[in-house]
Structures are given as structure tokens and as C-alpha cells.
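Only one structure is covered here, and it is reproduced in the block below.
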Amino acid sequence: MWASLGFRESPYNTNPLLPRAEDIDLLVGRDNEATELCTQLGTSAGGVLVLSGTPGVGKTSFFNVQQYRLENDLAPFGPKLLAARTLCPVQPTDDLKRLALRAVDSLYRSIDAWCALNAKPVPKQIKEIGEWLAGTGTSAFSLGISVLGCGGSVGRTAQLPKASDASFEAIADALAAMSSEVVTTLGFQSAVIALDNLENLSDEQLGSMLISFRDTLFSIANVWWVLIGQSGLGSLIQSLDPRVFERTTGSGIEIRPIEIGELHEAIAIRVSRFHNSKGGKSPLTEETHKRLYEASFGEMRFVLKYSNSICAKFVESVRDQVLKTPAIKVVQNTPGFKKTFDTAFNASIGQMLINQQLAHPQAASYLRKIVESELKGLYLNAKEMAVLEAIGKAGQARASDFKSFPVRSMQDFSSNYLTKLHKQNLLTRKQEGRTVTYRLRGIAQLSHTFGLLA
């Protein structure tokens, strides 16, 4: 599809940037956050750091680019860290031990990937821990751990049982052994383990995890734990477990939406990289990008996703029109059909684009069709639509505002509307301590703007 629009690949790819050289130039802005992150990571050889922001704002991309810069001495300051090439996803069904073992596996995979990229052998003890995790090596074995400190190192021996039988202390021993090798053998100051999507845990689950990890895994030397979640994660941790919050560096880093000018710059960089010709333009106008930016309150991923969808709907529409023309119908099922179709299709694309771009009114009409289709697919009832429309008019809502909405009670509003609609990605959720505020997000905001909720 993208070749017909003049691109080698989509300039609207929604995948997060990775910790690799070819991605670092795609990150735009974030200078203040980068300074904050690198400074905080330089305050000690390990600890806990909170990184939060609304869904789709670019937390993972920002973090991955900064990791790569620190790992490869491309940052102006900050420690030399082994990047977490594999983030550790948090699932709502996780028990604490499974999550702890996944964190060990995440660090192992990061080490293995770095060694492969740099043609280095995986240190023997780390390789054995990888086999232990996979259940392919000795069911139990001893490992030596060097506890690094200001005055040198202190060695001790720990016994690892089978992974399925391992206690938190044993899992901590495995991590300590790996972090020691990262420092002494691979030459880094610390390793990074990133727990991603902490919003998947309930407050009770998050509290239990913090208590269990606090004096075991979070205490391991030369490991930075980066806790990634939605806005307000730092204040939530402070309310759930002040002792863990006291161990966090700073008060947490909040990744806020980029400015509209930075969005245009980011898309221009992607267009320059992926367009087949020098001086090529983005398929959509800045006006269309701005409309998506405003609907999502600056969510980069949302802008890219629906820009991609608009382009796909445009190409689909042109193909459908070309297929219905008499000149194409008469050559269907003949040997030269595809070539004839491609010629007619490319000519039609050129006629419909203005200065290489799809005009905003036409893009908006495709966007409305996309939003209508997705809204129907959610099968919302009339009451849910009315609540969304009321939130759109009010601008935001808290459970305690229930009297201003068409609901029975605060419990009804919270459980049957706010929580449910948030899970359907129709509301964005901002938490400060235990106070939660909701507002329309993305598709719901566009539905409100297009008058589809009334």
C-alpha cells in the first residue's frame, strides 16, 4: 500500500522505538525529561525509579532511546548502564513469584542480546542461570556472588533450587549474581530491569508487589528498577507503601505529551527517512495531524495509528472506485489485468492528492467513517453513550460527581461506567494519590466532536 503513496514503509508506524542506533534520531523533544532521567540514574549504582504518563504518550520510546544513549556513551552525562532490551510486562493474572522470575528472565535476555550484538561470550554463570530459568540445566546448583561496595567486594556462595521451587531470596540471589557479572565482566555500572504496564495491577496487587519486592529484589546492588505505568503512579506508590516511595529516586518522572510543533517535526523526520524521493511530503496535512493530536490530548501513538488508518481507508476507496470503472472491468481475469489496474490506480491516486497530500476535509470524512465503525463495534448501550456525551460536555468526571450524570449512585457510576469505559479505552484515567479523574479519550472524544454520541 505504501509504495503507491511513495513510501518504502509507513511513516506512521506505531511500534515503540527500540534501544538501537537507527531509532534514536526518531525521538523528538524530551530534552528536559532526558536530563532528569540521566541525572537521577547517576545518583547511585541502583535503586527504584518511576516513569509514568498517559497511554500512548511515548514512555517506552523515550525510555528505550535514553537507555541506548547511556549504554553506548552517547548521553552527555549519566552512568553506563546495560539497557533493558526486553521489558518485563506486568499482567493482571501474575502472581508475585511469576513476576519475579520474569524479571530475572528479562535481565538474562538483555545480557544475552548485548553479548550477541557485541560478539562477546555470555558469562558462564549467567548462561547457567539462563538454563536454570528454562529448566534445561542442572535442577539446582551453587553460584558465587560478589557483593560490590565502596571498599571492594565480598564473595559468598548461594544454592539455587529448581526455579519452580525458588523463594524470593533465591530469586534475589540469581539477580545479584547476574548484576555482579554485568559490572565485573561486562564493564557496566549497573543493569536495568523495567516493569512495564503496572496499571494492569489493582491497587491491592500493586501494594502486595511493593511489599514483597521492597526488601528483596529492590535491594539488590547495581540494579536499577524502572517502574513504568500511567500518570500518577508515583503518588499512588507513595500512598500504598511510603517505605518503597522513600527508596525511589526523586518523585518520579512524568512523560507529558509533546507539543504540536514537535509532533509535526517527528512526522517530518519519519517522512524524510521512509519516502522514496527527497523532499517527499507526509500523506496527510498538518491540519489532520493536529485534529488527531487534540482528540487524544497529545498521544503520539493515537495520532500515528489513525493517520495510518485514514491512509488505508483512502487507498481502499480509490481501489474500489478503479475496480468499478468500465475500462478495468473489461480486462478482469486477463493476463495483463494487474498491470492495467496498477496503472489506472496510480493515476487515480495522483489525481486525488493535492500537492502529494490528502486534503483535510477528505481525510476528516474517512476519519468519521472509521470512528463510526469502531463505535458500533463496541456495542455500547444508550446509557453508556449518554454518560460519554455528558463527560464530553463536562470535560472530565470523578466518581464523586455522579449526581451530575445519568446514573443511580457513586458506586454505579464508578463500577458500571467509569471503570468499564476506561477498560474499553474510551476514557483516560489520571490518578493523584487515591483521587482518580476521567475524561474522554481518542475515539470517544472524536465521537463527541462528530456528534455520534448524542
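Values in this text are rule-based calculations from the coordinates and carry no lab data. Everything quoted here is computed from the prediction, not taken from an experiment. All Cβ positions, glycine included, derive from the backbone under ideal geometry; neighbour counts span all protein chains shown.
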Is the shape of the range 30-254 best called rounded, prolate or oblate, per the rule: a/c under 1.5 gives rounded, else a/b larger than b/c gives prolate, else oblate, with a ≥ b ≥ c the square roots of the Cα gyration tensor eigenvalues?
oblate
Once the dipole of the chain is set up from charges on Cβ (+1 Lys and Arg, -1 Asp and Glu), the residue from the list ILE370, PHE77, ASN13 lying farthest towards its positive end is ILE370
Computed Kirkwood radius, in angstrom, where 1/r is averaged over Cα pairs of the range 174-292
17.9
Just list whichever of LYS281/LYS376; LYS305/LYS369; LYS383/LYS403; LYS80/LYS127; LYS383/LYS430 have alpha carbons separated by over 25 Å in the model shown.
LYS281/LYS376
With a Cα-only, solvent-free Debye model of the range 309-454, what are the log10 I(q)/I(0) values at q = 0.09, 0.14, 0.15 Å⁻¹?
-0.45, -0.74, -0.79
Give me the three principal axis extents of the chain from the C-alpha atoms, as integers in angstrom, largest value leading.
81, 61, 42
Sorted from largest to smallest, which semi-axis lengths in Å does the alpha carbon gyration tensor of the range 378-450 give for its equivalent ellipsoid, taking the root of 5 times each eigenvalue?
17, 14, 11
Cα-derived Rg to Rh of the range 237-360, Kirkwood definition
1.24
Just the number: Rg to Rh for the range 53-108, Cα atoms, Kirkwood Rh, two decimals.
1.06
HN-Hα J in Hz across the range 38-48 - Karplus 6.51, -1.76, 1.60, θ = phi - 60°, x for Gly and Pro:
5, 5, 5, 5, x, 6, 7, 7, x, x, 10
Take every DSSP beta bridge whose two residues both sit in the chain, then give the antiparallel share in percent to the nearest 5.
50
Among ALA295, PRO406, VAL322, the residue whose Cα sits farthest towards the positive end of the charge dipole of the range 265-422 (+1 at Cβ of Lys and Arg, -1 at Cβ of Asp and Glu, taken about the Cα centre) is VAL322
The range 2-104: translational diffusion in µm²/s, Stokes-Einstein, Kirkwood Rh over Cα pairs, 37 °C, 0.692 mPa s
209
Might you report the magnitude of the Cβ-based charge dipole of the chain about its Cα centre, with Lys and Arg at +1 and Asp and Glu at -1, to the nearest 20 debye?
1320
